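This report refers to the structure that appears directly beneath it.
The values are calculated or read from the model by the stated rules, or taken from the named source; none is laboratory data. Worth saying up front: this structure is predicted, and the values here are computed from it rather than measured. Backbone-built Cβ (ideal geometry, glycine too); neighbour counts: all protein chains shown. Surface areas here come from the heavy atoms of the whole protein model, side chains and all, with no ligands, DNA or RNA. Shrake-Rupley method; radii C 1.70, N 1.55, O 1.52, S 1.80 Å.
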Amino acid sequence: MRRLLTTMMMGLAGIQGSMYLAAENRPRLVVGIMVDQLRTDYLEQLKDMFGQGGFRRLMDGSLYYKDIDFKVVPGDAASASAVVQTGTYPRYNGIVASFVYDPASKSLRHIFSDDNYIGNFTDEKYSPAALRVTTLTDELTIEEKGKTRIHSIAPESAQALVMAGHTGNSAFWINDESGRWSSTTYYQNPPAYLQNLNYNSPLVARLDTIRWTPVKGGEPYPLVDVNELKSPFRYSFPRSDRDVFSNYKQSPYVNRDITEAAAKYLEELNLGKNAEFTDVLNLGLTLTPYPGAEENYRYTLEDAYLRLDSDLEKFFNALDRQVGRDNLLIYLISTGYFNEPAVDSSKYRLPGGTFSVKRAISLLNAYLSAKYGNGAYIERFVDNQIYFSAPLLEEKGIETKRVAEDARDFLVRMSGVADAFTMADLLNPSIDELDRLRLAVDPKSAGDIFVEFSPGWTVVDDSKFPSTVKDNKNTAYQFPGFILIPGENPKVVEETIEAVDIAPKIAGALKIRPPNGINN
């Protein structure tokens, strides 16, 4: 289906060469929005509580895809955004997650680390060079010979860079350490608005005034138990909390900040006002379950949906005033995954258990030491991937492939492990499941062994401090997407579509060439 759609889009765009030059037929402004962990079931359950101008505008008036399949489980919002922007998978676009393991330093590094540039309002040094293929914004810039203006705003740096692409004018995000709006000198034309906010109204000065309570007060929430409604939640953002900015970026207030900033961009930059070219404004928003709200996460999550609906309505109204509906192409896409925060109570006696990464590494290392001689064979466990110590294997003259096969056979016997695969398994996939995993990893940064855990098991990575806990549920949710194209009739698509098909659809609507990695 994907290749057929891609071929159709490219064929349509190639019918008349003059179509590429018809800038006056393109929307004056493209607004791309990625909403982290947005779910279709929540939209449908809350539809009657939404206003008319936010999610309802999209649900009733656009091309509404109820189920978008990313085929691979995105590592995070950045990798999901890269799939949508490039029309291809992490295996080819290079963005598997915001952070990847670096064997040279034996630590995690940011996927976009680049010492050739410095940060604005941050010590972080980033550029989009890790993107190995073009994005939708890149292709639009090429088509319009550099006249297109491209700006992105997102909570996290990696997503902001993905959505600005190689040819963007600016990318801004909120720094985890200071709460300031930050960017990189890679982009040459950063707007003044967010930089001025760092001086005139910094987040750190506003934190103590923010209290998150239910926006609907004691009114019913569809998925919330009536007893929970009797004790409304209340969260604050104390500056004394070392994780305060990270937590804030997972709250609905960051969506308000980003949509308000985007509305200011429209005014100050006059985006979408020039009939000779198309501007782009890309946003990253979030509906991730709030940290610390595991017991009543549905309550806080539904409230976040209602607040985002209101924020979207205000932003869409600003778009209508500044640009006009007939001049707008809007797409809003989920990131295609959901991190279930709640662990099922042991009183239900469900199958499962706790998998200790530290214990597994110790047992595996003991097994390999008995087989090949003493040594610390396991260098790191990161994101279900095991990295061997390359210097040790070289010193002992042992082939990595041989050790990996032995380790795989040992791991699959452990409780909680559903399966394990070597890099050789992935490079020559024999089943669909392996092909999905192959598309999700980048051989240049991937580990030597990939571990899949059984549903119901909790994975505790106690090999580092602080330890992390991840509940493995493998629950199948539907993830939505919307494309609002001027002149195109609204339609609800019940059938599942692949996320990589979004880029050729938008490229076709803009009458531009699809991103160059789209045939992979």
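Here are the numbers:
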quantity	calculated
Reachable lysines, given that their alpha-carbon falls under 24 Å from the alpha-carbon of LYS371 and they are not under 8 places away in the same chain	LYS358, LYS396, LYS401
Filter on LYS147/LYS249; LYS145/LYS444; LYS71/LYS473 - keep pairs with C-alpha separation over 21 Å	LYS147/LYS249; LYS145/LYS444
With every protein chain in place, the stretch 207-352: carbon and sulfur % of accessible area (1.4 Å)	42
Total formal charge among the other residues, if their Cβ is under 15 angstrom from that of ASP115, Lys/Arg +1 and Asp/Glu -1	-2
Shape call, the stretch 15-166: gyration tensor on alpha carbons, a/c limit 1.5	oblate
The stretch 374-507, accessible surface, carbon-and-sulfur percent (1.4 angstrom probe)	46
Sites excluded, trypsin sites (Lys or Arg not before Pro) in DSSP loops with at most 10 other C-beta within 10 Å, longest stretch of the chain	1-144
Those residues of the stretch 373-390 whose amide nitrogen sits under 19 Å from the label point placed on ARG413, 7 Å along Cα→Cβ	373-374, 377-378
The chain: relative contact order in percent, alpha carbon pairs under 8 Å with at least 6 residues between	30
GluC sites (Glu not before Pro), loop per DSSP, at most 13 other Cβ atoms within 10 Å - longest free stretch of the chain	1-176
Positive-end residue of VAL382, GLY353, PHE410, charge dipole of the stretch 344-420 with Cβ unit charges	GLY353
Antiparallel content of DSSP bridges confined to the chain, in %, to 5	50
Cα convex hull volume per residue for the stretch 83-185 (Å³)	100
Exposure of LEU427 as accessible area (Å², to 10), given a probe of 1.4 Å and all protein chains	90
CD proxy at 222 nm, helix term only [per DSSP H run n ≥ 4: -39500 (n - 2.57); per residue of the chain; nearest 500]	-10000 deg cm²/dmol
D_trans [Stokes-Einstein, Kirkwood Rh over alpha-carbon pairs] for the stretch 113-267, 4 °C, 1.567 mPa s, µm² s⁻¹	75
Accessible area in square angstrom per residue, the chain, 1.4 angstrom probe	44
Theoretical gain in end-to-end length, VAL469 to ASN116 [0.36 nm per residue, Cα-Cα removed]	123.5 nm
Simple spin-label estimate for GLU268 and LYS401 in nanometres, 7 Å along Cα-Cβ	5.7
Rounded Å value of the spacing that divides the Cα centres of the stretch 428-477 and the stretch 141-180	29
